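Accompanying notes for the structure given below.
The values are calculated or read from the model by the stated rules, or taken from the named source; none is laboratory data. Predicted model only: the values in this text are computed from it and were never measured. Reconstructed Cβ throughout: ideal geometry from the backbone, glycine too, with neighbour counts over all protein chains shown. Quick note on the areas: whole protein, heavy atoms, side chains included, nothing else; ligands and nucleic acids left out. Shrake-Rupley method; radii C 1.70, N 1.55, O 1.52, S 1.80 Å.
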Amino acid sequence: MRIRTVLTLSAVLAFALPASAGVATASPAVTPQACREHSLTVAARASDRPDTVRISIRNHGRHACVVDRVPTVVFGDLDGPALPVPDGTSAPFRVPAGGTAYAAVRTLDPAATELRVVDRLTVAGDPAHRGRTFGAAALGAPGGIRVWEPVTTRWHRSAASADAVLARHTG
């Protein structure tokens, strides 16, 4: 209802005022709704890099939607999710209808002198979602997923872009 009012007001201003009046009549931006968990397919697979997992979400809904730009990745029963690289705060990330978003997760800091081993990790496209759990063996780690100070990239439009950001920020 509010959008219709704004569009109607823009149309009235466009016709009622001369172009020299300096009134902007561009259409307002429409932000897509939050992605519903059942509209997303969450995937995870081993990477060719050690202690790295590639994750993705696919929007199989009919409309674009938004998730948080930082995926939620938690490891077994350990406290806390993977931290984002680069550092940043929460913000929306648009996933087009039929589109896929990609992120890369490094589970173990290469300089770690300690580690924990878990039998699963859970990935959610958005913190409001429960997510999907993947067993260690399905991710190429039959002995368990090695974890210490894990990090994740933000969502990206391509897997190559996510991989490049992870490489740049984790050495």
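Highlighted here are the strands (runs of 3 or more DSSP E) found entirely within region 106-171 that include at least 1 residues which are in contact with a helix residue (DSSP H, G or I) (Cβ under 8 Å, 6 or more places away or on another chain): 120-124, 145-147, 151-153.
If I filter region 55-79 down to residues being touching a helix residue (DSSP H, G or I) at 6+ places or on another chain (Cβ under 8 Å) and free of Cβ contacts under 8 Å to residues at least 60 places away in the same chain, which single residue comes out as nearest to Pro92 (Cα to Cα)? The residue in question is Cys65. Within the bounds of region 110-120, is there any residue that is touching a residue at least 40 places away in the same chain (Cβ under 8 Å) and buried (at least 22 other Cβ atoms within 10 Å of the Cβ)? Within region 110-120, not a single residue is touching a residue at least 40 places away in the same chain (Cβ under 8 Å) and buried (at least 22 other Cβ atoms within 10 Å of the Cβ). Can Ala124 be described as open to solvent by less than 50 Å² (accessible area, probe 1.4 Å) and of a type in the set (A, V, I, L, M, F, W, C)? When the stated conditions are applied, Ala124 passes them.
In this structure, Val73 does satisfy being open to solvent by less than 60 Å² (accessible area, probe 1.4 Å), within 12 Å of Pro150 (Cα to Cα), hydrophobic (A, V, I, L, M, F, W, C) and modelled with pLDDT of 95 or more.
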